[in-house]
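Structure record follows, encoded as structure tokens.
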Amino acid sequence: MEIHPKFKLNGESYSVQELKEVAYSLVKEGEPFEVSIGNFLLNWLSTSKTLTVSTSGSTGTPKQIRLQKTQMVNSALATGSFFNLKAGNSALLCLPCNFIAGKMMLVRAMVLGLEMDSVEPSSNPLREVIKTYDFGAMIPLQAQNSLKKLQLIDKLILGGTSLNQKLRNQLSPLNTSIYETYGMTETITHIAVRKLEADKFVTLPDVTVVQDSRECLVINAPKISTEEVITNDVVELISNTEFKWLGRYDTIINSGGIKLIPEQIELKLSKIIDNRFFVAGIPDESLGEKLVLVVEGKINTDNILEKIQSLKYLSKYEKPKVVLRIKKFIESANGKVLRFKTLSTSVKN
């Protein structure tokens, strides 16, 4: 694969052959996060037209899928067009290159001619950063821990998991242009984004969407996928390029004949709960499924239940009657909460 002549990695320009040598060096002598960068660069610069990547496993068993490199290039070009990224712009890589989000940051830099610096992926990646950057990508936890320095990045995309209301409120006053992304490994990261203050996602160039009979999103992106991508994400469709994300079809709770979307309830509860948490349904003889609140760490269950009962913006069906506590949520390799495994563990405890 060719690389843009203006591409730089940690301040240095490279030919394809020189970049291969750097990659070999990173694999042999680098820190663990640099080894993953090196391995990806070697795979990207090889003669193979495809790349094997792993899905996150947050909604099922992780699986290996093959992506066409030309489709990854198209994805990078679409992101560049949407965010008006130009050759010579600076970018920060602080996501691990074991997964698609980190890989695609490198692809964007090589395709668009960005000057990219890499730092070790951590929960506080800007801790020692003093430079400013035009573009960056993080997971919400990283943004949460970088609030005092986020304005070093002009345009920031957040993905991997949804943002809670507390974090939205903390990010709102910042001058950084912050976007929440929608996508998955199968769509080569994001195919739609929404500004922090917006309630709808807008698709990237050459991407259109429809709904199936379940009211789930179906993605048509011919430049990055040869087939339609059928998701389990329940949405409100606004147009063929705009939608509101409501939640996951496979987490919908049927309690006494009332359908409850956990993600919508969680957004409301995030205003009063600081711990990590989620709501879920457990079997119940009379209701079919009973709504419960699963909380990580220590919390006063009586106090939180009392607060929940007093919330006027929750219907009576949206108010959990039981709190299940667990010391530590079960996570996938890239930090996503595995709801069903965590719920199973909390119920047993």
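The values are calculated or read from the model by the stated rules, or taken from the named source; none is laboratory data. Just so you know, these numbers come straight off a predicted model, no measurement behind them. We place every Cβ from the backbone using ideal geometry, glycine too, and count neighbours over all the protein chains shown. Quick note on the areas: whole protein, heavy atoms, side chains included, nothing else; ligands and nucleic acids left out. Shrake-Rupley method; radii C 1.70, N 1.55, O 1.52, S 1.80 Å.
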request  = Output the residues belonging to the stretch 105-123 that are open to solvent by 40 Å² or more (accessible area, probe 1.4 Å) and over 19 Å from GLU34 (Cβ atoms).
outcome  = none
task = Scan the stretch 285-299 residue by residue and report those that are surrounded by 14 or more Cβ atoms within 10 Å (Cβ to Cβ) and either among the polar types (S, T, N, Q) or over 14 Å from LEU314 (Cβ atoms) (or both).
result = LEU287, GLY288, GLU289, LYS290, VAL292, VAL294, VAL295, GLU296, ILE299
task = Assess whether THR79 counts as being within 16 Å of HIS190 (Cβ to Cβ), among the hydroxyl-bearing types (Ser, Thr, Tyr) and touching a residue at least 12 places away in the same chain (Cβ under 8 Å).
result = yes
query = How about the stretch 147-180: which of its residues are out of contact with any Lys or Arg (no Cβ under 8 Å at 6 or more places or on another chain), buried (at least 18 other Cβ atoms within 10 Å of the Cβ) and not hydrophobic (A, V, I, L, M, F, W, C)?
reply = LYS155, GLY159, ASN164
query = Are any residues in the stretch 148-205 within 18 Å of ILE100 (Cβ to Cβ), among the hydrophobic types (A, V, I, L, M, F, W, C) and in contact (Cβ under 8 Å) with a residue 24 or more places away in the chain, and if so, which ones?
reply = ILE157, MET184, ILE188, ILE191, ALA192, VAL193, LEU204
query = Taking into account only those residues within the stretch 8-53 that are under 28 Å from the mean Cα position of the chain (by Cα) and over 20 Å from ILE100 (Cα atoms), which is surrounded by the most Cβ atoms within 10 Å (Cβ to Cβ)?
reply = LYS8
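Can you name the residue in the stretch 290-338 that is among the acidic types (Asp, Glu), modelled with pLDDT of 90 or more and within 29 Å of the chain's Cα centre (by Cα) and, of all such residues, is nearest to CYS97 (Cα to Cα)?
As a first pass, look at the stretch 290-338 and keep what is among the acidic types (Asp, Glu): 296, 302, 306, 318, 331.
Checking which are modelled with pLDDT of 90 or more leaves us with 296, 306, 318.
Then keep just the ones that are within 29 Å of the chain's Cα centre (by Cα); that gives 296, 318.
Working: GLU296: 28, GLU318: 39 Å.
The extreme case among them is GLU296.
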task = Please enumerate the residues belonging to the stretch 207-265 that are touching a residue at least 60 places away in the same chain (Cβ under 8 Å) and in contact with a strand residue (DSSP E or B) (Cβ under 6 Å, 6 or more places away or on another chain).
result = VAL207, ASN232, TRP245, ARG248, ASP250, SER255, GLU263
Odd one out for ILE238, checked against (1) over 25 Å from MET104 (Cα atoms); (2) open to solvent by less than 60 Å² (accessible area, probe 1.4 Å); (3) at pLDDT 95 or above = (2)
task = Scan the stretch 121-138 and report the pairs whose first residue is in contact (Cβ under 8 Å) with a residue 60 or more places away in the chain and whose second residue is open to solvent by less than 10 Å² (accessible area, probe 1.4 Å), with Cβ atoms within less than 8 Å and a gap of 6+ or a chain change.
result = PRO121/CYS94; PRO121/GLY102
task = Would you confirm whether any residue within the stretch 156-171 is within 19 Å of ASN74 (Cβ to Cβ) and assigned to a strand (DSSP E or B)?
result = yes
ask   = Just to be sure, is LEU126 open to solvent by less than 10 Å² (accessible area, probe 1.4 Å), among the hydrophobic types (A, V, I, L, M, F, W, C) and assigned to a loop (DSSP other than H, G, I, E, B)?
value = yes
inquiry  = Being basic (Lys, Arg), over 20 Å from LEU167 (Cβ atoms) and in a loop (DSSP other than H, G, I, E, B) is true for just one of LYS298, LYS271, LYS259. Which residue is that?
reply    = LYS298
So GLN211, is it in contact with a Cys (Cβ under 7 Å, 6 or more places away or on another chain) and either open to solvent by 20 Å² or more (accessible area, probe 1.4 Å) or not acidic (Asp, Glu) (or both) = no
message = Could you go through the stretch 249-270 and let me know if any residue there is open to solvent by 30 Å² or more (accessible area, probe 1.4 Å), among the aromatic types (Phe, Trp, Tyr) and under 25 Å from the mean Cα position of the chain (by Cα).
response = yes
query = Limited to the stretch 271-284, what total is found for residues that are open to solvent by less than 60 Å² (accessible area, probe 1.4 Å) and either out of contact with any helix residue (DSSP H, G or I) (no Cβ under 6 Å at 6 or more places or on another chain) or not small (Gly, Ala, Ser) (or both)?
reply = 9
Verdict on ALA143 being out of contact with any Lys or Arg (no Cβ under 7 Å at 6 or more places or on another chain), without any contact (Cβ under 8 Å) to a residue 60 or more places away in the chain, crowded, with 22+ Cβ neighbours inside 10 Å and not in a helix (DSSP H, G or I) = no
task = For the stretch 326-336, indicate whether the set of residues that are part of a helix (DSSP H, G or I), surrounded by 14 or more Cβ atoms within 10 Å (Cβ to Cβ), free of Cβ contacts under 8 Å to residues at least 40 places away in the same chain and not charged (D, E, K, R) is non-empty.
result = no
